[in-house]
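The values are calculated or read from the model by the stated rules, or taken from the named source; none is laboratory data. Because the structure is predicted, anything quoted here is derived from the model rather than measured. No Cβ is skipped: glycine too gets one built from the backbone with ideal geometry, and neighbour counts run over all protein chains shown.
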Amino acid sequence: MPPKAKFTRDEIIQTGLDIVRENGMEALSARTLGTKLGSSARPIFTVFQSMEEVQEEVKKSAKLLYAGYVKKGLEQELAFKGVGAQYILFAMQEPKLFQLLFMTEQKEAPVVASILSKLDDNYGEILLSVQKGYNLSEDKAEQLYRHLWIYTHGIAVLCATNMCIFTAEEINKMIVQVFRGMLKEIEQGEQYETGRNMYETGRKSMKQEETA
């Protein structure tokens, strides 16, 4: 008969998350987890097969915590701006978790077009809010999302590494300025494409009439 677990799965995961929040994933070990629980490391392995499994569950919990920030952003009137602000707020309030989720070195560098879907489990929901909120095609919405993410990620990294501090007013102002500029650029690009297509269609019609 297997030994009775001294701690529940959730208790171990939450304690692990607390360690990572304070000191980063590199500080999470069987010894530090056991010490934080006020026990030896042995009870951990009556619930988990390995520390790798514990680390994976802690990372999942960090993602759930971040998803709560995204949800708050999507509930705002300007949802996309809200998500950007919440992304930076997460970096400010949970710097170690932000570093875990968004600043961990990748084994292979993904191309910029696919990085968001790989990094953020909330990608689809955020992209849809851009499409609906600003009446854009999926391609244009993705372009806008990607550019603004690169900008907000830069600000978030500065905050998460304690390189710089921004007020909420400064963050909102910066996001709005970049967002408006990018949206204008995309809209002008669409107008140019529409005008060019109309011009090409007109030229073809004229040539057909000349040869008729």
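Structure above, values below:
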{"quantity": "Output for the stretch 13-44, where each listed residue is farther than 25 Å from residue 105 by Cβ and free of Cβ contacts under 8 Å to residues at least 12 places away in the same chain", "calculated": "34, 35, 38, 40, 41, 42"}
{"quantity": "The stretch 97-126: number of residues that are modelled with pLDDT of 90 or more and buried (at least 17 other Cβ atoms within 10 Å of the Cβ)", "calculated": "6"}
{"quantity": "Extreme residue, surrounded by the most Cβ atoms within 10 Å (Cβ to Cβ), among residues of the stretch 4-35 that are of a type in the set (S, T, N, Q) and not in a helix (DSSP H, G or I)", "calculated": "29"}
{"quantity": "Failed item in (1) part of a helix (DSSP H, G or I); (2) free of Cβ contacts under 8 Å to residues at least 12 places away in the same chain, with residue 163 passing the rest", "calculated": "(1)"}
{"quantity": "Tally, over the stretch 36-57, of residues that are of a type in the set (S, T, N, Q) and surrounded by 14 or more Cβ atoms within 10 Å (Cβ to Cβ)", "calculated": "1"}
